[in-house]
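Trainee: Shown below is the structure under consideration.
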Amino acid sequence: MFEWKDEYSRNIKEIDDQHKNLLKIGSKLHEILKLKKHEDNYDEIMEILHELRDYTRYHFDCEEKLLEEHGYEDIYLHKFQHKFFLKKLENLELEDVDENQISVIMGLLVFVSDWIVEHILKTDGEYVEYLNSKGVY
């Protein structure tokens, strides 16, 4: 579910490496669901959720700085989408994770996999040609 595919490549090494790390974090949640769904995984879920939130903040910050540095015109829309994603993660942290572990994991898996398709493939894809034209690979 969270394995790197060539189609995810944005042709920018730093961004691709960060996306690969985000997929690795997502795969940890998938593993809990697959292998440990009948166990109490609260601590592990919260640890992964915090890791995902923190790494996502780092990634978004790097991506936004890169776009700003090269004068990308649609940066405000991009930043808005990043804020939406982070808000969703923060809201998940406020849910009653302990009592609803499976539904929280399922919701997060769906949200993150949708994000991969919608944001990484489409929205991030919109800046690739622009940054490549500026010599960023």
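Quick note: the coordinates plus some simple rules give every number you see, no bench work behind them. Keep in mind it's a predicted model, so treat the numbers as computed, not measured. Heads up, the Cβs are rebuilt from the backbone with ideal geometry, glycines too, and the neighbour counts pull from every protein chain shown.
Trainee: Whole-Hz ³J(HN,Hα) for each residue in the range 58-73, computed from phi via Karplus 6.51 cos²θ - 1.76 cosθ + 1.60 with θ = phi - 60°, x for glycine and proline: what do you get?
Mentor: 4, 4, 4, 4, 4, 5, 5, 4, 4, 5, 5, 4, 9, x, 5, 5
Trainee: Among 108, 86, which comes first, then next, by fewest other beta-carbon atoms within 10 Å?
Mentor: The order, fewest Cβ neighbours first, is 86, 108.
Trainee: Scattering from the C-alpha atoms of the chain alone, worked out with Debye: what is log10 I(q)/I(0) at q = 0.17 1/Å?
Mentor: Log10 of I(q)/I(0), two decimals: -0.90.
Trainee: Taking a cut-off of 24 Å between Cα atoms, list the lysines near residue 122, but don't count ones fewer than 8 places away on the same chain.
Mentor: Counting by Cα, and skipping residues close in sequence, residue 122 has these lysines nearby: 5, 13, 20, 24, 65, 79, 83, 87, 88, 134.
Trainee: Let me ask you something else. With angles folded into 0 to 90 degrees, how steeply does helix 101-115 sit against the dominant principal axis of the chain? Use alpha carbons for both and round to 10.
Mentor: Around 10 degrees separate the two axes.
Trainee: Under 10 Å, Cα contacts only: if you run a Gaussian network model on the chain, which one of 127, 42, 55 comes out with the highest mean-square fluctuation?
Mentor: So, out of 127, 42, 55, the one fluctuating most is 42.
Trainee: Another one. What would the Debye formula give as log10 I(q)/I(0) at q = 0.12, 0.16, 0.25 Å⁻¹ for the alpha-carbon point model of the range 33-87, no solvent?
Mentor: Each listed q maps to, in turn, -0.42, -0.60, -0.95.
Trainee: Using the Karplus equation 6.51 cos²θ - 1.76 cosθ + 1.60 (θ = phi - 60°), what ³J(HN,Hα) coupling, rounded to whole Hz, does each residue of the range 13-20 give in order, writing x for Gly and Pro?
Mentor: Each residue's phi maps through the Karplus curve to give 3, 4, 5, 4, 4, 5, 4, 4 Hz.
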